Structure formats: structure tokens, C-alpha cells
1. Kindly establish whether ALA138 is small (Gly, Ala, Ser), within 29 Å of LEU25 (Cβ to Cβ) and under 17 Å from the mean Cα position of the chain (by Cα).
2. Look through the range 40-50, keep the residues that are among the hydrophobic types (A, V, I, L, M, F, W, C) and open to solvent by less than 30 Å² (accessible area, probe 1.4 Å), and return whichever of them is nearest to ARG122 (Cα to Cα).
3. Would you mind stating whether GLU146 is closer than 27 Å to ALA34 by Cα and free of Cβ contacts under 8 Å to residues at least 12 places away in the same chain?
4. Taking the condition of being open to solvent by 30 Å² or more (accessible area, probe 1.4 Å) and either within 18 Å of ALA142 (Cβ to Cβ) or in contact with a strand residue (DSSP E or B) (Cβ under 9 Å, 6 or more places away or on another chain) (or both), how many residues in the range 52-70 meet it?
5. Run down ALA147, ALA120 and say which single residue is surrounded by 12 or more Cβ atoms within 10 Å (Cβ to Cβ), under 14 Å from the mean Cα position of the chain (by Cα), of a type in the set (Gly, Ala, Ser) and at pLDDT below 95.
6. How many residues are over 18 Å from the mean Cα position of the chain (by Cα) and of a type in the set (S, T, N, Q) if we restrict to the range 1-49?
7. Exactly one condition in (1) part of a loop (DSSP other than H, G, I, E, B); (2) within 20 Å of SER148 (Cβ to Cβ); (3) over 15 Å from the mean Cα position of the chain (by Cα) is false for GLN53; which is it?
8. Can you say whether ILE80 is assigned to a helix (DSSP H, G or I) and either in contact with a helix residue (DSSP H, G or I) (Cβ under 9 Å, 6 or more places away or on another chain) or more than 17 Å from HIS36 (Cα to Cα) (or both), as far as the supplied structure shows?
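The values are calculated or read from the model by the stated rules, or taken from the named source; none is laboratory data. Bear in mind the structure is a predicted one, so any value in this text is a computation, not a measurement. Note: ideal-geometry Cβ built from the backbone for every residue, glycine included; neighbour counts use all protein chains shown. Surface accessibility is based on the protein's heavy atoms, side chains included, excluding ligands, DNA and RNA. Shrake-Rupley method; radii C 1.70, N 1.55, O 1.52, S 1.80 Å.
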Amino acid sequence: VIHPGTNGKMPEIAAAMGLTNLPGLGQLVEENRAVHASYATALDDVPGIDLLQPDPRERSNHQYVVAMVEDGAEVRNEVITALHGIGVLARRYFWPGVHQMRPYAVRTDHGPLPATLWVADRVLVLPGGPSITDEDVARITATIVEASRAD
């Protein structure tokens, strides 16, 4: 980001497509939820990888599958590289922190937002959505395990 502004990504054609797809939204959310549940089961016993769970008091569309890599950016980046190596689109997210982008740079009396930096170094977004199968989740998880334990 080099200038402050808005994040307006929806032209009229995208809005029309969205309206056309509204009747299937419930099914899409259920499919997203099932994929998230598959990841949750597969990653449950993997040390150092924590899948973020939506607040049960809220309704989530499970659009994103977000994991935290406890060991930080180096391990997270190794996991991303390994996943890219098998053709899986995984990525950092909320990186860099907005406070590090020139037009929004802020500092506090406590330094450059250390909690934000900590999270930004650990977030890993995995592919989700109805096209991800249980077999895909197993392959992705196996790669995460192998890459996160490589020393």
C-alpha cells in the first residue's frame, strides 16, 4: 500500500454474480464448514500448528482456514514453500501489518505493535472451499507436518 484509500473490489458484474449465487449460499457455507472441520481433525494433534476456530457464539461462513505456526515466520515460510512445492496455494495473511505500510504507519508508547507483529509472523492461510476434498486435507496436513518438523 502506497496511498491511503478504500478496498472497493466489487464492480457491478461481480455484484450481479453475487446476487445470482445467493440461493446456494447456505450449501456453500456448509461445504466450507465441512472442509474446516476436516482440517481441524487432521491438525488437532500436530504440535506447533493451531487451527483458529470461529467463536461459537457467532455465525461464520468459514471462508478462510487460518492456522497459527507457533515457531514463527521462518517455520511458517518453510511450510508455505513446501505447500507451494506440491501445488497448494497457501499464504501469509495480514502481512505485513498495516501499521508497517507507509500511509498507515503508527507507533505506540509500547513500540511498533508487538502483538500484531507476533501474529503477522505466524499466520498461515490454507486453501478452503467446496473443491477441497478430505484427501486434499490429508495431503496438505502431511506436508505441513513434514515441513514444520524439518530442522
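1. Taking the combined requirement at face value, the residue does not satisfy it.
2. Only one residue tops the list, namely ILE49.
3. On the way: closer than 27 Å to ALA34 by Cα: yes; free of Cβ contacts under 8 Å to residues at least 12 places away in the same chain: no.
So GLU146 fails the test.
4. The number of residues fulfilling the criteria is 3.
5. Details: ALA147 fails: under 14 Å from the mean Cα position of the chain (by Cα).
None of the other options fit; the residue is ALA120.
6. Total satisfying the criteria: 5.
7. GLN53 satisfies every listed condition except (3).
8. yes
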